[in-house]
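Asker: Would you mind keeping the following structure in view while I ask a few things?
The values are calculated or read from the model by the stated rules, or taken from the named source; none is laboratory data. Everything numeric here is computed off the predicted structure, so don't read it as measured data. With ideal geometry, Cβ positions are generated from the backbone for all residues, glycine too; neighbour counts draw on all protein chains shown.
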Amino acid sequence: MRVCLRLTRNFENAMIFGGLGGVRLLLNLTLDSSFTGFLSLSTLLIRHVMEEPHTLRHAMEKVLELAVHYYIIGLFLVWLYLVEHLFEVFVTHQEMICSCKLHPLLLSVVNCSIS
């Protein structure tokens, strides 16, 4: 199935696959022939046959865009969590932090939060 998926990336090959009854054979398969990942592979095969190249490219771009979006949001939430907890440390341990050599920007944030 992976070979068929790779070959049907080209729209002409996908049309040949569909014309020879590949989609019908996929739809007629029973649960006995199922394996892990079968549903996603068969769905992609059918999409290769049914969607013209521009539509398929647009759909793939949207999937990648969404994946990157969730990745960035996750990083931002981790950053927010760290800043929140570091800020508490800065406020509670002012003397220790002021005696250390800190970056001037970080020192100004600590001084502003205390005053």
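Asker: Within the set of pairs 6 or more residues apart or between chains, which connect a residue that is surrounded by 10 or more Cβ atoms within 10 Å (Cβ to Cβ) inside the range 57-72 to a residue that is part of a helix (DSSP H, G or I) with Cβ atoms less than 8 Å apart?
Answerer: Within 8 Å, the pairs are A59/R47.
Asker: Let me ask something additional. Taking V49, is it among the β-branched types (V, I, T), in contact (Cβ under 8 Å) with a residue 40 or more places away in the chain, within 30 Å of G22 (Cα to Cα) and out of contact with any strand residue (DSSP E or B) (no Cβ under 8 Å at 6 or more places or on another chain)?
Answerer: Details: among the β-branched types (V, I, T): yes; in contact (Cβ under 8 Å) with a residue 40 or more places away in the chain: yes; within 30 Å of G22 (Cα to Cα): yes; out of contact with any strand residue (DSSP E or B) (no Cβ under 8 Å at 6 or more places or on another chain): yes.
Spelling it out, V49 is indeed among the β-branched types (V, I, T), in contact (Cβ under 8 Å) with a residue 40 or more places away in the chain, within 30 Å of G22 (Cα to Cα) and out of contact with any strand residue (DSSP E or B) (no Cβ under 8 Å at 6 or more places or on another chain).
Asker: Which one of these is at pLDDT below 75 and among the aromatic types (F, W, Y): F76, F90?
Answerer: Working: F76 fails: at pLDDT below 75.
The conditions single out F90.
Asker: When you scan the range 1-101 for helices (runs of 4 or more DSSP H) that lie fully inside it, which ones turn up with 1 or more residues that are under 20 Å from the mean Cα position of the chain (by Cα)?
Answerer: Details: elements: 2-7, 11-19, 22-28, 38-50, 53-92, 94-99.
In the range 1-101, the matching helices (runs of 4 or more DSSP H) lie at 38-50, 53-92.
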